[in-house]
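To start, the structure itself, in structure tokens.
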Amino acid sequence: MPSPDDRAALAGRDRGLLSDVEFVALSGISKSYGGTTALESVDLRIRRASIHAILGENGAGKSTLIKVLTGVVRPDAGTVTIEGAAFAVRSPATAAAAGIACVFQELSLVPDLSVADNIFLARGTGPLGFIDRRRQQKAAEALLRELGSEVRPTDIVRSLTLSEAQLVEIAKAMAKRPRLLILDEATSALGEQQVGRLFEILRRLRSEGVSILYITHRMHEVDTLCDTCSVFRNGRHVETFPQGERSPDAVVELMLGRSVSQIYPAKPAPAAGQPLLDVRDLSWDGRIDKVSFVVRPGEIYGIGGLDGHGQQETLLALFGVLRNVTGEVRFDGRSVHIGSPGRAKGRALGIALVPEDRKSEGLHLPLTIAHNLTLSVLNRLTRFGVINGGRQRRLVDDLMRRLQIKSSSPKAPVSSLSGGNQQKVVLAKWLACDPRLILLCDPTRGIDVGTKAEIYALLRRLADEGAAIVLHTTDYDELIGLCDRVGIFYGGTILRELTGDALNERNILRASFALATDGPTDSGGH
Amino acid sequence: MVATEISPARRSRPPLSLPPGAWRLALPLVVLAVLFAVLIAIHPRGLAVASMTPWANQAVTLAFVAVGQFFVVVTRGLDLSIGAVLALSNALASELVSGTPVEIAVGVVAVLAVGCLCGAINGAAVVFGRIQPIVATLATGAIYTGLALIVRPTPGGDVDEALSDMLTYETFGFFPTSLILLFAVVYLVWWPLSRTVLGRSLYAIGSNESAAFMSGLNPKRARLLAHVLAGFFAACGGLFLAFQTLSGDASVGFSYTLNSIAAVVIGGASLAGGVGTVIGVIAGAYLLRTISTIMIFTGLPPMAQPLFEGLVLLAAVSVGAIEMITSRNKLKVLR
């Protein structure tokens, strides 16, 4: 690892020359999980003194690429070379030793330890590798101040907000003085000023010869920061080109592999009639702040905005998961109190929630498909508390046919299914209760394009049959292609509602950052 | 572009209040101090050497075992064999710790080594056999109990009396030697370790194992270390018990297993891992033993002792659960 002095010397040299030097090269990297291919013979070169964007939709293989580079997973095939020499990245520790550090999207912080302990988690700062608390504290303080964070090194990580924790995660990666710094959606919870500060630091690191791999789904960040772009699609490295060489539309086409319009069903005329769901001034715990919107039967209402602005909490509140929610929820004209998930899904209301994390909240992985499918409707399949086998079988067969769940048998464990089919099981499980209002949280995350299209078609069909659908997604294309109206969250409330021609990527992005939007908008919801 | 800060305003903390989580250490210490005051008040001899040394001695064994248990608990495990390791060490001590000074020294080292070996076997079963700690140590605990019974089928044996006297009486004529021994051993082992990355790994893997792994720590090594430490401290407890009773007994283990878990919880550690202090756990052990002493002197029926210990344990666990009960997101409670 070069010392700071070496880096300063490098900074003096011509960066153009330096950036021709290759630091890391991947060749023929493949990785599959069970039957799903995550990476397929990927070749990628990362030059020194470069900020290299990795673009691709969810499931394109970006996160697996990071896991390979950081030693979290081992590739099935292929080699990694660092500065021309083959290097076996066997574990995160070996990656760190080679000068690779990563700002993980899901954060790699230990909640019960202090900020300083986390930043220097795997390294002693004192002689002989012992932990020198004072030195550790000082170094952490300096790093945090550079990033513009007010967090104290002695604070316990559990007590931090998401944006504070994200800055600590960045400080932690920088503390390793890496030669390759990977940032995976590292700015999702940061404010504008903090992002600007981070970009300055990244540009300085680049001038010192550091390679930076920047993963984001925000095109404007790529425009302002990166010098090279690589596009991934379905586990393959599609193309690498200098930033600015392609138009944003061309880049999107590269990521999707087809034009956007093909995968979304046609939108019907705007729904009229009485709203099924009418939310007024919903607030909770400072994280939802007077959210108001209406959804009519036959409508798909999109919920967008940057991560962590109250979108998920709003869905959880509507499903009765949160305590002490204030405001009014009117359902089918009546004011209702949704006290628990049990009440929400009951016959009186008929609300279903497809949760964000299908593995921990949506499915019982070791149980069979049949058991998962019937879990939310068991009370309707029983007589005197005993499950009626025939009725269960008919329901399961019907659901598997309707959603085209591909499996050898309903008795196979859900864990044996691919991600797309698992998500179909979650959907089918809730369709079994014939819900009138369906809340969905990122239902297509990590799912292949084909299954996505099937799910879109299914949601549209459900809406046409009279259901009201609220879809929270982080994917702008889904908001634009699938939803009839979209509410953009900012700071815990719906800042703007977009519909018709105003529902485009530019407006979504601007509203997400609380900037004025073009075209007709309908803010408020009433 | 807007310059609005997204996160809510920083929670400000009054300058004199405890940092979050400090009550976990403060509470057992305060309760112990109160109970200690009660004990002195009702003890026929009051604050005297004749009352303090027995008080100090009677909790040392449990304190050793609880400290051992703590290292496993902090990594989000549980050692159900710890009482059995204590019993095996106790039985071995009654065979080995007598004779010439050299023989005694070899015997002590051998007992401690066997304890570490037992812990290493537990750790290997958990780390390499990928068996859950509770199940693995349930099985190995039965094996260690069996071995202890082979070594010492009936209570008895012989332990060096001179050494026993030295460790169970007072230093400078007034300070219980057993307390010095307890703190010296814990300090010598844990103080340097707590200043290494490996020691910090124990907390880190208990708090969030995947984050610890992604940060470049070695969870396997840390988990192995936790079990070896548990074996070592259990053996310390077995040795001290032998010095106290001058004999060995293969059947003493079971109550120590459960009481060690109780002491760890009362001492402010979380069974969910990542949280707790060695000092708190020692206080937890003394707290439990002090309750039983108080009960003896107040004339309450000794049979009711488990009832009161149970109430204290329930109270301690409830305090730890307050955070969850006040959580406003029901999903957070389930996790």
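Observations on the model:
- Hits in region A:377-404 (condition: assigned to a helix (DSSP H, G or I), touching a residue at least 24 places away in the same chain (Cβ under 8 Å) and buried (at least 18 other Cβ atoms within 10 Å of the Cβ)): A:Val377, A:Leu395, A:Val396, A:Leu399, A:Met400
- Filter pass, A:Ser283 being hydroxyl-bearing (Ser, Thr, Tyr) and either part of a helix (DSSP H, G or I) or within 14 Å of another protein chain (Cβ to nearest Cβ) (or both): yes
- Picking from residues in region B:276-335 that are touching a Phe, Trp or Tyr at 6+ places or on another chain (Cβ under 8 Å) and within 14 Å of chain A (Cβ to nearest Cβ), the one that is modelled with the highest pLDDT is B:Gly276.
- If the condition is being hydroxyl-bearing (Ser, Thr, Tyr) and more than 8 Å from chain A (Cβ to nearest Cβ), then region B:195-209 contributes only B:Ser201.
- Whichever residue in region A:100-119 is within 9 Å of chain B (Cβ to nearest Cβ) and over 21 Å from the mean Cα position of the chain (by Cα) and, among such residues, is nearest to A:Ile212 (Cα to Cα): A:Asn118
- The condition (being within 14 Å of chain B (Cβ to nearest Cβ), more than 22 Å from the chain's Cα centre (by Cα) and either buried (at least 18 other Cβ atoms within 10 Å of the Cβ) or not charged (D, E, K, R) (or both)) is satisfied by just one residue among A:Gly298, A:Gly308, A:Gly327, A:Gly320: A:Gly320.
- Residues of region A:71-83 classified as among the polar types (S, T, N, Q) and either touching a Cys at 6+ places or on another chain (Cβ under 8 Å) or within 13 Å of chain B (Cβ to nearest Cβ) (or both), total: 0
- Test: residue in region B:106-128 that is over 20 Å from the mean Cα position of the chain (by Cα) and assigned to a loop (DSSP other than H, G, I, E, B): yes
- Residue match in region B:146-166 (condition: within 30 Å of A:Val89 (Cα to Cα), touching a residue at least 60 places away in the same chain (Cβ under 8 Å), basic (Lys, Arg) and buried (at least 20 other Cβ atoms within 10 Å of the Cβ)): no
- Wholly enclosed helices (runs of 4 or more DSSP H) of region A:441-521 bearing at least 2 residues closer than 21 Å to A:Pro355 by Cα and among the basic types (Lys, Arg): A:449-464
- Residue in region A:249-258 that is out of contact with any helix residue (DSSP H, G or I) (no Cβ under 6 Å at 6 or more places or on another chain), part of a loop (DSSP other than H, G, I, E, B) and surrounded by fewer than 17 Cβ atoms within 10 Å (Cβ to Cβ) present: yes
- Condition check for B:Gly237: on the phi > 0 side of the Ramachandran plot and either in contact with a Phe, Trp or Tyr (Cβ under 7 Å, 6 or more places away or on another chain) or within 14 Å of chain A (Cβ to nearest Cβ) (or both): no
- For region A:126-144, the tally of residues that are on the phi < 0 side of the Ramachandran plot, facing chain B (nearest Cβ under 10 Å) and not basic (Lys, Arg) stands at 4.
- Unique residue being touching a residue at least 24 places away in the same chain (Cβ under 8 Å) and either part of a helix (DSSP H, G or I) or away from chain A (no Cβ under 14 Å) (or both) when the list is B:Ala212, B:Ala250, B:Ala184: B:Ala250
- Top-ranked residue of region A:145-170 - restricted to ones that are part of a helix (DSSP H, G or I) and away from chain B (no Cβ under 13 Å), ranked as nearest to A:Arg197 (Cα to Cα): A:Glu146
- Only one entry of A:Ala97, A:Ala86 meets the criterion of being over 19 Å from A:Ala186 (Cβ atoms), surrounded by fewer than 17 Cβ atoms within 10 Å (Cβ to Cβ) and more than 11 Å from chain B (Cβ to nearest Cβ), and that entry is A:Ala86.
- A count restricted to region A:97-152 and to residues that are among the β-branched types (Val, Ile, Thr) and under 14 Å from A:Ala165 (Cβ atoms) stands at 5.
The values are calculated or read from the model by the stated rules, or taken from the named source; none is laboratory data. It should be emphasised that the depicted structure is a prediction, and the values quoted were computed from it without experimental measurement. For neighbour counting, all protein chains shown are included, and Cβ atoms are generated from backbone atoms with ideal geometry for every residue, glycine included.
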